[in-house]
1. Quick one: Karplus J couplings for the stretch 27-32, per residue in order, coefficients 6.51, -1.76, 1.60, θ = phi - 60°, nearest Hz, x for Gly and Pro?
2. Label-point separation (nm) for residue 72 and residue 59, each offset 7 Å from Cα along Cα-to-Cβ?
3. Within 10 Å, count the other beta carbons around each residue, average over each peptide in 30-41, 10-21, 66-77, and list them highest first.
4. Given a 1.4 Å probe and every protein chain left where it sits, what share in percent of the accessible area of the chain is carbon and sulfur?
5. Given the rule -39500 (n - 2.57) for each run of at least 4 DSSP H residues, summed and divided by the residues of the chain, what is its mean residue ellipticity at 222 nm, to the nearest 500 deg cm²/dmol?
6. What is the Å³ per residue value for the convex hull set by the Cα atoms of the chain?
7. Return the FRET efficiency for the residue pair residue 79, residue 23: r is the Cβ-Cβ distance, R0 is 35 Å, and the value is rounded to the nearest 0.05.
8. If you count only protein heavy atoms with a 1.4 Å probe, what accessible area per residue comes out for the chain, rounded to a whole Å²?
Amino acid sequence: MITENKKIIFEILLKSLLKNSKKHWNQSVQTMTLNVMKSLMEIDRTLFEDVSSKIQKEEDVLKKQKAIKSQWTQLEKEFS
């Protein structure tokens, strides 16, 4: 069952793990997070890289959307 749904499991886990590795305040949690990520990478490097890339692209799109929304809000304030 796990091997059948490995991609979905990787996506769910990596999204949270990547967030933890960048933003968690506790160094021990960050270290454990990186260890889990390393284990996932050892299980299937290609899938790990594909899913990581997909997550990064999604985050980039969200950042661009936020920036555009912020610019529109600023323009609305200036011209209201």
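The values are calculated or read from the model by the stated rules, or taken from the named source; none is laboratory data. Please read these numbers as outputs of a predicted model, since none were measured by experiment. In this analysis, Cβ positions are derived from the backbone assuming ideal geometry, glycine residues included, and neighbour counts consider all displayed protein chains. Protein only, heavy atoms only, side chains kept; ligands, DNA and RNA dropped before computing areas. Shrake-Rupley method; radii C 1.70, N 1.55, O 1.52, S 1.80 Å.
1. 4, 5, 5, 4, 5, 5
2. 2.5
3. On the way: 30-41: 14.2, 10-21: 16.2, 66-77: 9.7.
Ranking, from highest mean packing down: 10-21, 30-41, 66-77.
4. Details: 3970 of 6750 Å².
Roughly 59 percent of what the probe reaches on the chain is carbon or sulfur.
5. Details: 3 runs with 69 residues, N = 80.
For the chain, the value works out to -30500 deg cm²/dmol.
6. Details: hull volume 8.2 nm³, N = 80.
Once divided by residue count, the hull of the chain is 103 Å³.
7. Values: r = 35 Å, r/R0 = 1.01.
E between residue 79 and residue 23, to the nearest 0.05, is 0.50.
8. Numbers: 6750 Å² over 80 residues.
Computed with neighbouring chains in place, this is 84 Å² per residue.
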